[in-house]
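A.B. asks: Structure provided below as structure tokens; questions to follow.
The values are calculated or read from the model by the stated rules, or taken from the named source; none is laboratory data. Every value quoted in this text rests on a predicted model; they were computed, and no experiment measured them. Here Cβ is always computed from backbone atoms with ideal geometry, including for glycine, and neighbour counts include all displayed protein chains. Ligands, DNA and RNA are excluded from the accessible area calculation, which covers all protein heavy atoms including side chains. Shrake-Rupley method; radii C 1.70, N 1.55, O 1.52, S 1.80 Å.
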Amino acid sequence: MPEARATARAVVVGSGIGGLTAAVALSRRGWHVTVLERAASLEPVGAGIGLAPNSQRALDVIGLGDEIRDLAAWQGAGGMRNPAGRWLARTDAAAAAERFGGPLVLVHRATLVDRLARRLPEGAVRTGCPGELADPGVAGGRRARVTTPDGEIEADLVIGADGIHSALRRSLFPRHPGPAYSGFTTWRLVVPAPDAPFAPHETWGPGSLWGTQPLKDGRIYAYAAATAPAGAAAGDQKAELLRRFGQWHDPIPAVIAAADPAEVLRNDVHHILEPLPAFHRGRTALVGDAAHAMAPTLGQGGNQAIEDAIVLAHHAPPTGDLGTGLTSYSAERLPRTMAVVRKSARVARLMALSGTPAVAVRETLMSAVSRLGPGLVLRTFDGIADWRPPQRTYAAGAQDVHEEQPAARR
């Protein structure tokens, strides 16, 4: 039986990128949306995020894609290097854009969060207000219930966007083992550009990597990863970066030197290798890391969260059969995201190689693949970056502006 529009209330728990994208997409479909955020403000934890063409097309659905594309920094030629500076593989931003329909856009997370939040009705986001799932509800039956410090909220739809250690996921699937430590830790920082120009690069060393990429505003987004025991993130992280990467090729030492120690972020990486039974139960659905946390080695964590949000809104109209819609959401998203989780884990294992012979073989293979052409390097993202949303998109000049496009399920 159709659910009345007057009762079409959605509650999103978590105001990260996936949660805010879901809130905007649902609001545009006619839902009354409330976002609950535990933190006192919307200032995001993190530095930069790379938005690939797949998530840009998803953002087209809510009218944000072109704004994001305008933030693209010209990247030109770049590629992968070893710590001494030797190029192992060359990539070309233009070739990637031609293959996948657009460039990779690096933005500060705060920029993306701000652009999303501005598209929500005033008062939709409640900060300093954690939400706990009291009842996931029954599709076609009783409404879901979320407990907050201000009282209980009944909702026709609840979205769990509460991150890797999601309390909503544990409520829905208490027997699932949850995330596991991946074996490595990461650092992220944003600094002023060094004086000397450089080509964007990702540098792989024994059990470690470093990336240096430009932002449109002239700053540099840098990231690093290394195998390490879990829970070893205490102490001066700028000093730790200097110890691990200070002897690597330019501009890495200068980038580290420019960092404010208080703004170097370090996080152990956890991922969910065992799939959930579904991404929903009752009237409650999961998006982003809450559903499928993955290693950052393909840069797809935030991109897949954006995809989730747009596909969820597509399958959850404010009137209609919510049960069928959420079942379709799980069926569409679970196999795709878990394929990306597994692929990210394989790249992480390749990065974790640390023995001299293994690293030498890895460098030889990278160089050989690069010599055979950029298409082989870019093929890693086939079936990922070429995804299209199931809805119409509204970007000016988009090829699919007047017709429905099936989501890629490769």
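A.B. asks: From the list GLU122, GLU98, which residue is without any contact (Cβ under 8 Å) to a residue 24 or more places away in the chain and in a loop (DSSP other than H, G, I, E, B)? Walk me through it before giving the result.
C.D. replies: Values: GLU98 fails: in a loop (DSSP other than H, G, I, E, B).
Step by step, each of GLU122, GLU98 is checked, and only GLU122 is without any contact (Cβ under 8 Å) to a residue 24 or more places away in the chain and in a loop (DSSP other than H, G, I, E, B).
Residue by residue, here is whether (1) aromatic (Phe, Trp, Tyr); (2) assigned to a helix (DSSP H, G or I); (3) open to solvent by less than 10 Å² (accessible area, probe 1.4 Å); (4) out of contact with any Ser or Thr (no Cβ under 6 Å at 6 or more places or on another chain) holds:
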site	(1), (2), (3), (4)
ILE306	no, yes, yes, no
HIS314	no, yes, no, yes
THR324	no, yes, no, yes
GLU332	no, yes, no, yes
PRO335	no, yes, no, yes
ALA339	no, yes, no, yes
LEU350	no, yes, no, yes
LEU353	no, no, no, yes
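A.B. asks: Quick one: which of SER171, SER166 is surrounded by 19 or more Cβ atoms within 10 Å (Cβ to Cβ) and in contact (Cβ under 8 Å) with a residue 24 or more places away in the chain?
C.D. replies: On the way: SER171 fails: surrounded by 19 or more Cβ atoms within 10 Å (Cβ to Cβ).
Unique residue meeting the criteria: SER166.
A.B. asks: Another question, then. Test ARG371 against the criterion of being within 14 Å of LEU88 (Cβ to Cβ), open to solvent by 60 Å² or more (accessible area, probe 1.4 Å) and not polar (S, T, N, Q), and give yes or no. It would help to see each step written out before you state the result.
C.D. replies: Numbers: within 14 Å of LEU88 (Cβ to Cβ): yes; open to solvent by 60 Å² or more (accessible area, probe 1.4 Å): yes; not polar (S, T, N, Q): yes.
The answer is yes for ARG371.
A.B. asks: Which condition number in (1) among the hydrophobic types (A, V, I, L, M, F, W, C); (2) out of contact with any helix residue (DSSP H, G or I) (no Cβ under 9 Å at 6 or more places or on another chain); (3) at pLDDT below 95 is the one that CYS129 fails?
C.D. replies: So the condition that CYS129 fails would be (3).
A.B. asks: Go through the range 145-163 and report how many residues are part of a strand (DSSP E or B) and open to solvent by 50 Å² or more (accessible area, probe 1.4 Å).
C.D. replies: The first filter runs over the range 145-163 and keeps only residues part of a strand (DSSP E or B), leaving 145-148, 151-155, 157-160.
From what's left, open to solvent by 50 Å² or more (accessible area, probe 1.4 Å): 145, 147, 152, 154.
So the count comes out to 4.
A.B. asks: So, in the range 281-304, of the ones that are among the charged types (D, E, K, R) and under 18 Å from GLY178 (Cβ atoms), which residue ends up least open to solvent (accessible area, probe 1.4 Å)? Lay out the reasoning, then the answer.
C.D. replies: Residues of the range 281-304 that are among the charged types (D, E, K, R), as a first pass: 281, 283, 289.
Narrowing the set further to residues that are under 18 Å from GLY178 (Cβ atoms) leaves 281, 289.
Values: ARG281: 104, ASP289: 57 Å².
Going through the qualifying residues, I end up with ASP289.
A.B. asks: Does ALA239 qualify as being of a type in the set (A, V, I, L, M) and over 21 Å from THR297 (Cβ atoms)? Reasoning before the result, please.
C.D. replies: Numbers: of a type in the set (A, V, I, L, M): yes; over 21 Å from THR297 (Cβ atoms): yes.
For ALA239, the condition - of a type in the set (A, V, I, L, M) and over 21 Å from THR297 (Cβ atoms) - is met.
A.B. asks: Look through LEU112, LEU106, LEU88, LEU71 and report the one residue that is open to solvent by less than 40 Å² (accessible area, probe 1.4 Å), in contact with a Phe, Trp or Tyr (Cβ under 6 Å, 6 or more places away or on another chain) and not small (Gly, Ala, Ser).
C.D. replies: Values: LEU112 fails: in contact with a Phe, Trp or Tyr (Cβ under 6 Å, 6 or more places away or on another chain); LEU88 fails: in contact with a Phe, Trp or Tyr (Cβ under 6 Å, 6 or more places away or on another chain); LEU71 fails: in contact with a Phe, Trp or Tyr (Cβ under 6 Å, 6 or more places away or on another chain).
None of the other options fit; the residue is LEU106.
A.B. asks: Looking at (1) open to solvent by 20 Å² or more (accessible area, probe 1.4 Å); (2) free of Cβ contacts under 8 Å to residues at least 12 places away in the same chain, which is the one condition that is false for GLY246?
C.D. replies: (1)
A.B. asks: Something else about it: Can you tell me which residue is surrounded by the most Cβ atoms within 10 Å (Cβ to Cβ) among those in the range 174-197 that are of a type in the set (Phe, Trp, Tyr) and over 24 Å from ALA110 (Cβ atoms)?
C.D. replies: Within the range 174-197, the subset of a type in the set (Phe, Trp, Tyr) is 181, 184, 187.
Within this subset, residues satisfying the condition of being over 24 Å from ALA110 (Cβ atoms) are 181, 184.
Numbers: TYR181: 14, PHE184: 21.
Among them, the one singled out is PHE184.
A.B. asks: Something else: Among the residues of the range 323-340, which ones are within 13 Å of GLY383 (Cβ to Cβ) and of a type in the set (Ser, Thr, Tyr)?
C.D. replies: THR337
A.B. asks: Among the residues of the range 345-365, is there at least one that is closer than 30 Å to VAL35 by Cα and out of contact with any helix residue (DSSP H, G or I) (no Cβ under 8 Å at 6 or more places or on another chain)? Don't jump to the end; show me each part of the working.
C.D. replies: So in the range 345-365, the residues closer than 30 Å to VAL35 by Cα come out as none.
Checked the range 345-365: no residue is closer than 30 Å to VAL35 by Cα and out of contact with any helix residue (DSSP H, G or I) (no Cβ under 8 Å at 6 or more places or on another chain).
A.B. asks: Another question, if that's okay. Starting from the range 136-157, take each residue that is under 19 Å from ARG29 (Cβ atoms) and list its partners that are surrounded by 13 or more Cβ atoms within 10 Å (Cβ to Cβ) and β-branched (Val, Ile, Thr), counting only C-beta distances under 6 angstrom and pairs at least six apart or across chains.
C.D. replies: That search, which allows pairs on different chains as well, returns ALA144/VAL158; ALA144/THR284; ALA155/VAL11; ASP156/THR7.
A.B. asks: Considering each of ALA278, ALA234, ALA239 in turn, give the residue that is over 30 Å from PRO335 (Cβ atoms), open to solvent by less than 70 Å² (accessible area, probe 1.4 Å) and small (Gly, Ala, Ser). Reasoning before the result, please.
C.D. replies: Working: ALA278 fails: over 30 Å from PRO335 (Cβ atoms); ALA234 fails: open to solvent by less than 70 Å² (accessible area, probe 1.4 Å).
Of ALA278, ALA234, ALA239, the one residue that is over 30 Å from PRO335 (Cβ atoms), open to solvent by less than 70 Å² (accessible area, probe 1.4 Å) and small (Gly, Ala, Ser) is ALA239.
A.B. asks: Given the condition surrounded by 17 or more Cβ atoms within 10 Å (Cβ to Cβ) and modelled with pLDDT of 90 or more, answer yes or no: does some residue in the range 74-81 qualify?
C.D. replies: Yes.
A.B. asks: Sort out which residues of the range 198-231 are open to solvent by less than 20 Å² (accessible area, probe 1.4 Å), farther than 17 Å from ALA345 by Cα and of a type in the set (Gly, Ala, Ser), and write them in order of number.
C.D. replies: Within the range 198-231, GLY205, GLY211, ALA222 qualify.
A.B. asks: Look at the range 296-312 and say how many of its residues are in contact with a Phe, Trp or Tyr (Cβ under 8 Å, 6 or more places away or on another chain) and of a type in the set (A, V, I, L, M, F, W, C).
C.D. replies: So the count comes out to 3.
A.B. asks: Something else about it: Having 2 or more residues that are modelled with pLDDT under 95 is the bar; report the strands (runs of 3 or more DSSP E) wholly within the range 6-66 that clear it. Give the steps one after another, and end with the answer.
C.D. replies: On the way: elements: 9-13, 32-36, 48-51.
The qualifying strands (runs of 3 or more DSSP E) are 48-51.
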